[in-house]
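Let me begin by presenting the structure, written as C-alpha cells, before commenting on it.
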Amino acid sequence: MRLTVIGCAGSFPGPASPASCYLIEADGFRLLLDCGNGALGPLQRQAGLDQIDAICLSHLHGDHCLDMCSYWVAMTYGPGGPLPSIPVYGPAGTAARLAAAQGAGLAEDMSAAFRFETLTPGARRIGPFEITLDHVNHPVETFGFRIAHGGRALAYSADTGESAALVRLARGADLLLCEASFADGPDLPPDVHLTGRQAGQHAARADVGELVLTHLVAWNDQDRILAAAAGEFAGPLSLAASGRSFDLG
Ligand SMILES: [Zn+2]
C-alpha cells in the first residue's frame, strides 16, 4: 500500500500545496481520499484522471471536496467523450452538494460521471482495501478512516477536534495521517480541529508506528506545530508535503 500526498494545505490552498487530497494505491487500484480545491492539477502528476478507481470524501467542507466539480467537467466534456464513471463515497447529501457547488443546469445530475454511495460508520471493502469508518468530531458529518491492506494499516483523521473514535480507528496503525490545523494558544474553539500537541497525543494513545501531520494551515509556523507534536509522540514524525509518498509494507 502506497500513500501519496496530493494536497495537505488546511482550510485553503497554500503556496506549496492544494487543499486536502491523498492517493492510496495497492494491487493497481487507485483510491482518492478527499478532493479539495486545487488538488486536480497535481493529481495529474501521479495518475491520469481516467485512472482513479474510487473516491472517498471525508466530509463536505469545500477544502475537502470542491475539486470534484472540476473533476466532473474533465470527465464529462473531454474530446474523447465522457470518461467511465467512478464510484464516489461520501456523507449523506454529497450528490446534491456537489451539483449545487457546480451550479444548476448542466450539473444538476452528476450521476453519469459519479456513482454516489453514502458512507456510514462501520466496515466496508473498496477495491482491495478493508476500510473502517467512524464519525469524528467536526461541526459537519465527518468520517475518519482506517484503511488496511496486506497486513498494514493507515489511519486518516480527516478534520476533527479531540476524538476517541480517531484513537480507536488508529489503534496500532502503521501510519496515522493526522490533522494539525491549530497552533497552541488561548481560546481555541473546541470540537473543530487539533493542535500539533493534540495530534501527538492521539498518535501516542493509539500507539501508531508513524505520525504524519497534515491539514497544515498556511498562516501557521509549521516548525512549531511539529515541535508541539514531538513533545507528545516519540515515534517517527514528519509534516506532509504535496508529492511526498509513503510505502507501507
Ligand atoms: Zn472541515
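The values are calculated or read from the model by the stated rules, or taken from the named source; none is laboratory data. Only a predicted model underlies this, so the values are computations on that prediction, with no experimental measurement involved. Don't worry about glycine lacking a Cβ; one is built from the backbone with ideal geometry, like all the others, and counts go over all protein chains shown. Surface areas here come from the heavy atoms of the whole protein model, side chains and all, with no ligands, DNA or RNA. Shrake-Rupley method; radii C 1.70, N 1.55, O 1.52, S 1.80 Å.
Couple of notes before you dig in:
- Here 199, 107 are screened, and the one residue that is at pLDDT below 95 and either in a helix (DSSP H, G or I) or small (Gly, Ala, Ser) (or both) is 107.
- Filtered residue count, segment 139-152, keeping only those that are open to solvent by 10 Å² or more (accessible area, probe 1.4 Å) and of a type in the set (A, V, I, L, M, F, W, C): 2
- Where strands (runs of 3 or more DSSP E) fall wholly inside segment 120-160, the ranges with 1 or more residues that are within 16 Å of the chain's Cα centre (by Cα) and within 13 Å of residue 58 (Cα to Cα) are 129-135, 143-149, 152-156.
- Just so you know, in segment 170-179 the residues that are open to solvent by less than 10 Å² (accessible area, probe 1.4 Å) and without any contact (Cβ under 8 Å) to a residue 60 or more places away in the chain include one that is farthest from the ligand (Cβ to nearest atom), and it is 173.
- Checklist (1) more than 16 Å from the ligand (Cβ to nearest atom); (2) among the small types (Gly, Ala, Ser); (3) under 22 Å from residue 3 (Cα atoms) applied to residue 113, failing item: (3)
- Filtered residues of segment 190-232 (kept if polar (S, T, N, Q) and over 22 Å from residue 174 (Cβ atoms)): 195, 220, 222
- For segment 6-22, the condition holds for at least one residue, the condition being that it is in contact (Cβ under 8 Å) with a residue 24 or more places away in the chain, open to solvent by less than 10 Å² (accessible area, probe 1.4 Å), of a type in the set (Phe, Trp, Tyr) and within 22 Å of residue 241 (Cβ to Cβ).
- Some residue of segment 56-76 being touching a helix residue (DSSP H, G or I) at 6+ places or on another chain (Cβ under 9 Å) and within 24 Å of residue 152 (Cα to Cα): yes
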